[in-house]
Amino acid sequence: MSYNPTSMPGASGSAGVHKDVEYDAYNLTPDGYVMPIVTQSIKSTIKVLQMMTYAAELECSEADTRHWIHRWCIEKNNGQPALMPPILLGTNLQPTVPNVFRMAAEKHRERPCMGARPIQMQHMDGKKQYWQKGAFKWRNYGEIYADVEAAAKGLLQLPGISEKRLQKKQVVAALLAETTQEWMISAQAALACGLTLTTVYATLGHGMCVCLFVCV
């Protein structure tokens, strides 16, 4: 399987449906993926439990699950999620994260996308570690998207990845890293390949990834 941003599994999407979400039907994408029709919506009978700074917590029928939605959905869209990101309107692309990022990279190619502050000095005070960082160094959308494409191509070269995706089998990518540019680039690459992404706290160490692989 070669990498093509318009035909990769991540571009067509495959998602499960929570029992509190209504949907009209399932649809079969051209490459064989089953996904809900994008007119899915939150049931109108669900109550808002609390409004927070960036999210609203919704009532959930699953005892061990908590359900959040962006405040915009409650305040501006009658409690419903955005069915189609504005940047995808008129493109005939599925509303997936890889498609949104690809269109953003095309539209804002020369604009700053991610910034990082390089570490200039590091010292220890007992068990505590301190850093002195420099000014932000910014990379534009075009540069970041090029890295995502390169990482996606690399993922597809790993043993068994392409074969399983062609057979419509789920592939889980475990991401163990600090919150950095590299973390987001890796996540975007995994999503572009149609991989299911799970994250591991960096403080748990690499041994946790070994445990995760054994469990899977």
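Key figures for this structure:
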{"read-out": "Yes/no for Leu93 being crowded, with 16+ Cβ neighbours inside 10 Å, aliphatic (A, V, I, L, M) and in a loop (DSSP other than H, G, I, E, B)", "value": "yes"}
{"read-out": "Qualifying residue in the stretch 67-82 (condition: under 26 Å from Gly194 (Cβ atoms), in a loop (DSSP other than H, G, I, E, B) and modelled with pLDDT under 85)", "value": "yes"}
{"read-out": "Qualifying residue in the stretch 153-165 (condition: in contact with a helix residue (DSSP H, G or I) (Cβ under 6 Å, 6 or more places away or on another chain), touching a residue at least 40 places away in the same chain (Cβ under 8 Å), not polar (S, T, N, Q) and not in a helix (DSSP H, G or I))", "value": "no"}
{"read-out": "Residues that are within 17 Å of the chain's Cα centre (by Cα) and either among the aliphatic types (A, V, I, L, M) or closer than 13 Å to Cys193 by Cα (or both), drawn from the stretch 151-178", "value": "Ala151, Ala152, Leu155, Gln170, Val171, Val172, Ala173, Ala174, Leu175, Leu176, Ala177"}
{"read-out": "Sole residue being farther than 12 Å from Pro98 by Cα and surrounded by 13 or more Cβ atoms within 10 Å (Cβ to Cβ), chosen from Lys137, Lys169, Lys164", "value": "Lys164"}
{"read-out": "Residue selected from the stretch 115-166 under the condition basic (Lys, Arg) and farther than 20 Å from Trp183 by Cα, by the criterion modelled with the lowest pLDDT", "value": "Arg165"}
{"read-out": "Residue tally, condition among the charged types (D, E, K, R), under 25 Å from Pro85 (Cβ atoms) and touching a Lys or Arg at 6+ places or on another chain (Cβ under 8 Å), over the stretch 49-71", "value": "1"}
{"read-out": "Restricting the stretch 96-127 to residues that are part of a loop (DSSP other than H, G, I, E, B) and touching a residue at least 24 places away in the same chain (Cβ under 8 Å), the residue that is surrounded by the most Cβ atoms within 10 Å (Cβ to Cβ)", "value": "Thr96"}
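The values are calculated or read from the model by the stated rules, or taken from the named source; none is laboratory data. Please read these numbers as outputs of a predicted model, since none were measured by experiment. Don't worry about glycine lacking a Cβ; one is built from the backbone with ideal geometry, like all the others, and counts go over all protein chains shown.
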